[in-house]
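Asks: Pasting in a structure now, in structure tokens, and then I'll have a few things to ask.
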Amino acid sequence: MNTMLRKSVLGIAGLAFTGGVFAGPIAAHADAAPVHSTKPVAVSVQGAQSKIDLTDEQLANAKAIIAATKKAGLPERAAVISIATSLQESKLENLGHLGDRNDHDSLGLFQQRPSSGWGTPEQITDPEYSTLAFLKGLKQVDGWQDMPLTEAAQTVQVSAYPDAYAQWEQQAADIVAHNWNS
């Protein structure tokens with residue numbers, strides 16, 4: 001790998017790490033006041049959409065995200081953003097430590113990092129806890145209800161792939177629409 005490419009890759013990784021270090025603790029300790037919205041579930045689906053067939057475990061994790069969103073007093077739009085984020089980060093699988101394939105110490109549905117202040121490994125791999133931590137971060141994003149899904153998710157997650165969340169919006173909206181009232 002040439003020096004310029006290596007420096008670019010290392011720079012991006014450093015930015016992602018730094019963002020996680022600062023955003024994680026803020027999101028994990030934010031206030032949990034309810035936010036209500038009358039916005040439609042899918043505000044503006046952007047770009048080509050991806051879709052996967054869900055296993056029973058993945059569907060149970062999506063339902064856990066919906067339940068935690070309701071517990072937080074947030075609208076369906078927050079569940080759509082959360083599920084799309086989890087689809088991108090883990091394909092709605094509650095991932096433990098992946099050894100050499102692990103992205104630093106990322107765990108759970110949202111690939112949150114204990115070293116960035118998101119919680120302990122046990123907390124992060126609890127679907128309710130990890131969703132509530134993500135939602136606390138989301139509520140700190142001014143105007144999250146009206147912004148593109150990928151922008152809202154990226155502001156919380158600080159991913160090296162900021163546009164990747166958009167591809168899951170339609171499937172996330174469909175999951176929420178089908179399961180919100182069940």
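The values are calculated or read from the model by the stated rules, or taken from the named source; none is laboratory data. Everything numeric in this text was worked out from a predicted model, so none of it was measured. With ideal geometry, Cβ positions are generated from the backbone for all residues, glycine too; neighbour counts draw on all protein chains shown. Surface accessibility is based on the protein's heavy atoms, side chains included, excluding ligands, DNA and RNA. Shrake-Rupley method; radii C 1.70, N 1.55, O 1.52, S 1.80 Å.
Asks: Mind checking which pairs have a first residue in the range 47-58 that is closer than 13 Å to ALA84 by Cβ and at pLDDT 95 or above and a second that is open to solvent by 70 Å² or more (accessible area, probe 1.4 Å) and part of a loop (DSSP other than H, G, I, E, B), Cβ under 7 Å, 6 or more apart or different chains?
Replies: Once the first residue is closer than 13 Å to ALA84 by Cβ and at pLDDT 95 or above and sits in the range 47-58, its partners that are open to solvent by 70 Å² or more (accessible area, probe 1.4 Å) and part of a loop (DSSP other than H, G, I, E, B) give ILE52/LYS91.
Asks: Looking at TYR129, TYR161, TYR165, can you tell me which residue is hydroxyl-bearing (Ser, Thr, Tyr) and in contact with a strand residue (DSSP E or B) (Cβ under 9 Å, 6 or more places away or on another chain)?
Replies: TYR129
Asks: Have a look at ALA164, ALA133, ALA153 and point out the one that is buried (at least 24 other Cβ atoms within 10 Å of the Cβ) and within 13 Å of ALA84 (Cβ to Cβ).
Replies: The match here is ALA153.
Asks: Then there is this: Checking ARG77 against (1) assigned to a helix (DSSP H, G or I); (2) open to solvent by 20 Å² or more (accessible area, probe 1.4 Å); (3) touching a residue at least 12 places away in the same chain (Cβ under 8 Å), only one condition comes out false. Which one?
Replies: Going through (1) assigned to a helix (DSSP H, G or I); (2) open to solvent by 20 Å² or more (accessible area, probe 1.4 Å); (3) touching a residue at least 12 places away in the same chain (Cβ under 8 Å) one by one, ARG77 breaks only (2).
Asks: Right, another one. In the range 132-158, what count of residues is obtained for those that are touching a strand residue (DSSP E or B) at 6+ places or on another chain (Cβ under 8 Å) and either on the phi > 0 side of the Ramachandran plot or aromatic (Phe, Trp, Tyr) (or both)?
Replies: 1
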